[in-house]
Every structure is written in C-alpha cells, then in structure tokens.
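**Student:** Starting off with a structure, shown below.
Please treat every number below as a calculation from the coordinates, not as lab data. Model, not experiment: these values are computed from the prediction. Virtual Cβ from ideal backbone geometry, glycine too; neighbours counted across all protein chains shown.
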C-alpha cells in the first residue's frame with residue numbers, strides 16, 4: 001500500500017469484518033460474555049469511534065479503553081506543581097496545548113495564565129529552548145510530558161541545552177512508561193481482558209519486546225497496530241486468530257513503521273538522560289512501580305524539580321478527583337464514559353471536570369465527539 005485511501009478501502013474493510021465474524025466465536029466470544037479487547041493508545045480509541053468500528057464489530061466483541069493518554073493520567077498534584085513553578089518571579093512556563101486545560105486541585109494552567117502567569121504553548125521542547133536563548137534574564141521551564149514517544153525529543157533538547165551552556169532552561173519531567181501500567185492492570189483481579197491492541201507510536205520507539213511479559217506471564221495476545229481503519233481491523237483479526245488457536249504472542253501489524261527492536265538512536269537518548277523513578281502516581285490508577293522517569297543527576301542543572309524544589313519528595317498529596325467523577329474507572333477499563341454521572345452534563349469539552357474530557361486523546365472526549373446517541377445515554 002502506498003496511499004492513505006488504501007487503508008480505508010471499503011471492500012477490504014468488508015473482508016476483514018467477515019474474518020472477525022468468523023473468528024469471534026472460535027475465539028470464545030458470546031453475546032452474554034463478549035471478548036474484551038483493550039486498545040491501549042488514545043489515538044486508537046479516537047480512530048475506533050471516528051470510523052464507527054465499535055458499531056460494526058459483532059456483539060461478541062467489545063473494545064475496552066486503556067490508559068493510553070499521558071495527559072489524562074497526569075495526577076492533579078503535578079498540575080499544581082506546574083502552576084507553582086509558573087507563578088514564580090521571572091519564569092516563562094512552556095507546555096504542549098493539550099495540557100493547558102487539565103484540572104489541578106484548584107485551577108488549570110489556562111486559568112493560571114488568565115490570572116497573569118507567563119505560560120506559553122509550544123510545539124516542541126526546542127521551541128522552549130529557543131525562548132530561553134531569546135530571554136537570557138528569564139528562567140524558561142518546559143513541561144516534559146508524554147510516553148516513550150515524546151521522551152527522545154525532550155532528552156535531545158536537554159543534551160543540547162547542556163552542550164550550549166543554556167542554564168536558564170530546565171524541564172519539569174513527567175514522562176511515563178507504557179508497559180508498567182499494563183502489568184498493573186493485568187494484576188488487578190477486577191480486570192477481565194482477553195487481548196490487547198498495542199500502541200503504534202510508543203512501539204515505534206521501544207519496539208515490541210517490552211510487551212513480551214503480557215504473553216509469557218499473563219497468557220494474553222497483543223498486536224501492535226497502526227491508526228487507519230484497516231490497520232485496526234487487521235490487528236483485531238490477528239488477536240482473534242491467536243485466541244482461536246489458543247496462542248498468546250506479541251505480533252506486529254504495524255511493521256511498516258514499527259521495527260521489532262525499536263529505534264536505537266531514540267532509546268540511546270532516553271538512556272543517557274533519564275533514569276527510572278521508584279514509582280509514579282497515575283491519575284485514576286495510583287502509584288505504579290517504576291512507571292515514570294526522572295532526569296539523571298549529571299543533568300540536574302536542567303531538572304526543574306531540583307531547581308525549584310517541587311514535585312516528588314516535596315510532600316504533596318496526589319489530590320482527589322471532583323466528587324462523582326469516574327475518570328479512574330474509565331482509565332482502568334471498568335466502565336465506559338457514559339456510565340459516569342458527570343459525562344455530557346457537568347463534564348463536556350468546553351467545561352471539563354476530568355482529564356479524560358480535556359485531551360484530544362481522552363476516551364471521554366472520543367465518546368463525546370463521535371458518540372452520537374451516547375450523549376443521550378449519559379442523561
């Protein structure tokens with residue numbers, strides 16, 4: 001395939017739907033107890049709803065939405081820390097746009113900006129480094145956020161700042177890892193998952209080997225997938241084929257982009273700049289061992305946690321979600337967004353209560369944007 005429309009070909013889609021229908025029974029799915037397939041990436045969640053795939057697959061199969069949106073799982077206390085840094089004298093605080101409206105315990109970065117903090121939206125950490133060059137009398141702080149996908153860019157920027165001696169630049173590091181929360185979910189006795197559609201962008205960096213434990217320790221299949229409709233349908237076929245044959249393996253549908261061993265240059269940058277945290281707090285999931293990274297000691301001059309004395313080790317509580325908000329249960333895949341009493345009423349994209357409605361990758365935002373009658377289901 002060479003062109004995007006080939007990945008949306010109706011005839012090919014019909015063939016894949018027929019394959020799904022023929023496999024779902026042998027794979028163990030029934031209408032009373034549908035197979036639970038978790039798509040890990042928020043981009044997959046949006047693609048599923050954008051193209052109506054959830055409506056077109058058999059009733060014997062159900063999509064479960066996982067913790068695949070880094071903005072959505074950011075704890076409220078870390079938003080509070082961002083605002084605390086941004087409120088300091090002489091600070092320019094830089095962030096990606098999707099983090100601007102994530103609620104903290106008292107306010108969001110957008111509200112703090114409206115109150116006078118110098119908070120600016122950037123498109124890459126290099127934009128923040130350029131701001132530091134142009135404002136040598138200001139401290140410029142970049143909000144480092146995201147899974148393994150965005151870690152290398154932040155790492156390269158830190159190394160460039162160090163090479164250039166740009167000491168008025170630092171990073172507030174909130175980068176997190178995908179495999180540890182999957183282990184936590186699979187270890188939760190409340191969860192019933194039959195297989196996974198693995199994230200494409202993250203796997204482009206780390207490859208497929210880090211998911212090996214899902215098959216070997218928990219006996220569940222995982223297929224890394226692309227983001228077009230036919231990518232997702234083919235990945236579902238591959239998961240069902242494994243279940244029908246009694247196999248549990250890690251397979252790669254997205255081989256045109258994802259190498260088995262990942263990107264060695266990106267991984268080398270990650271290894272050089274970061275080291276694992278003992279644990280990290282995930283909104284809705286709690287503390288998960290070795291699920292986040294921090295900046296290594298040799299780059300401490302570029303670590304905003306060290307520079308401003310905030311964040312982990314500062315004794316701050318994680319913060320509680322607004323009363324009635326069930327973002328945590330949605331992140332765990334225990335409920336669908338319309339089951340939250342706030343969905344579509346008190347919580348909408350224009351006035352989000354929970355992080356899953358804020359981000360363009362959040363499951364609640366996907367339901368609201370593409371769900372149609374699902375809004376009425378929430379009433």
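**Student:** Would you mind ranking 167, 157, 105 by Cβ crowding within 10 Å, fewest neighbours first? Can you show the working numbers first?
**Tutor:** Numbers: 167 14, 157 24, 105 17.
Going from sparsest to densest Cβ surroundings: 167, 105, 157.
**Student:** Using the alpha carbon gyration tensor of the chain, what are the three equivalent-ellipsoid semi-axes (square root of 5 times each eigenvalue), largest first, in whole Å? Don't jump to the answer; show the numbers that get you there.
**Tutor:** Values: eigenvalues 265, 110, 68 Å².
Largest first, the chain gives 36, 23, 18 Å.
**Student:** Please compute the length gained on full extension between residue 21 and residue 300, using 0.36 nm multiplied by the number of residues separating them and subtracting their Cα-Cα distance. If you can, show how the numbers build up before the last one.
**Tutor:** Working: separation 279, 0.36 × 279 = 100.44 nm, distance 5.47 nm.
Stretched out fully, the residue 21 to residue 300 stretch lengthens by 95.0 nm.
**Student:** If I model a spin label at residue 335 and residue 249 as a point 7 Å from the Cα along the Cα→Cβ vector, what separation in nanometres do I get?
**Tutor:** 3.9
**Student:** Could you work out how far apart the two model spin labels at residue 126 and residue 162 are, taking each label as a point 7 Å from the Cα in the direction of the beta carbon, and quote it in nm?
**Tutor:** Distance between label points: 1.9 nm.
**Student:** Hey, what D do you get for the stretch 32-96 in µm²/s if you plug the Kirkwood alpha-carbon radius into Stokes-Einstein at 37 °C and 0.692 mPa s?
**Tutor:** Taking Rh from Cα pairs, D becomes 222 µm²/s.
**Student:** Hey, another quick one. Between residue 87 and residue 279, what FRET efficiency comes out of the Förster formula 1/(1 + (r/R0)^6) with R0 = 22 Å and r the beta carbon distance, rounded to 0.05?
**Tutor:** Numbers: r = 27 Å, r/R0 = 1.24.
With a Förster radius of 22 Å, E is 0.20.
**Student:** Rank the residues 224, 64 as a footprinting-exposure proxy: fewest other Cβ atoms within 10 Å of their Cβ go first.
**Tutor:** Values: 224 29, 64 25.
Ranking 224, 64 by Cβ neighbours within 10 Å, fewest first, gives 64, 224.
**Student:** Expressed as a rounded percentage, what relative contact order does the chain have, with Cα pairs under 8 Å and six or more residues apart? Before the final figure, lay out the partial values.
**Tutor:** Working: 742 pairs, mean separation 80.4, N = 379.
With pairs under 8 Å counted, the relative contact order is 21 percent.
**Student:** Could you list 293, 348, 91, 73 in order of exposure, starting from the residue whose Cβ has the fewest other Cβ atoms within 10 Å?
**Tutor:** Working: 293 23, 348 16, 91 19, 73 27.
By the 10 Å Cβ count, ascending, the order reads 348, 91, 293, 73.
**Student:** Using 0.36 nm per residue of separation minus the Cα-Cα distance, give me the extension gain between residue 290 and residue 272 in nm, one decimal. Intermediate values should be presented prior to the final figure.
**Tutor:** Values: separation 18, 0.36 × 18 = 6.48 nm, distance 1.71 nm.
Gain in length upon complete extension: 4.8 nm.
**Student:** Moving to a separate point now. Report the relative contact order of the stretch 104-247, percent, no decimals, based on alpha-carbon pairs under 8 angstrom and at least 6 residues apart. Working shown, then result.
**Tutor:** Values: 143 pairs, mean separation 25.2, N = 144.
Relative contact order of the stretch 104-247: 18 percent.
**Student:** Only Cα pairs within less than 10 Å get springs; with that Gaussian network setup on the chain, which residue of 219, 354, 104 has the largest fluctuation?
**Tutor:** 219
**Student:** Relative contact order for the stretch 47-163 using alpha-carbon pairs under 8 Å, separation at least 6, rounded to a whole percent?
**Tutor:** 24
**Student:** Here's something else I'd like to know. Note the angle between two axes, namely the Cα long axis of helix 76-86 and the longest principal axis of the Cα atoms of the chain, as a number of degrees from 0 to 90, rounded to the nearest 10.
**Tutor:** Roughly 30 degrees, rounded to the nearest 10.
**Student:** Any chance you could run the full-extension gain for residue 30 through residue 260? It's 0.36 nm times the residue separation minus the Cα-Cα distance, nm to one decimal. If you can, show how the numbers build up before the last one.
**Tutor:** On the way: separation 230, 0.36 × 230 = 82.80 nm, distance 3.35 nm.
Taking residue 30 through residue 260 to full extension adds about 79.4 nm, to one decimal.
**Student:** Let me ask something else about it. Over the chain, what is the percentage of antiparallel beta bridges among all DSSP beta bridges, to the nearest 5? Please report the intermediate quantities before stating the final value.
**Tutor:** Values: 9 of 39 bridges.
DSSP beta bridges in the chain are roughly 25 percent antiparallel.
**Student:** Which FRET efficiency value, to the nearest 0.05, do you get for residue 133 and residue 107 by plugging their Cβ-Cβ distance into 1/(1 + (r/R0)^6) with R0 = 35 Å?
**Tutor:** Working: r = 30 Å, r/R0 = 0.86.
E(calc), rounded to 0.05, equals 0.70.
**Student:** Among 52, 165, 200, which one moves the most in a GNM of the chain with springs linking Cα atoms closer than 10 Å?
**Tutor:** The residue with the greatest mean-square fluctuation here is 165.
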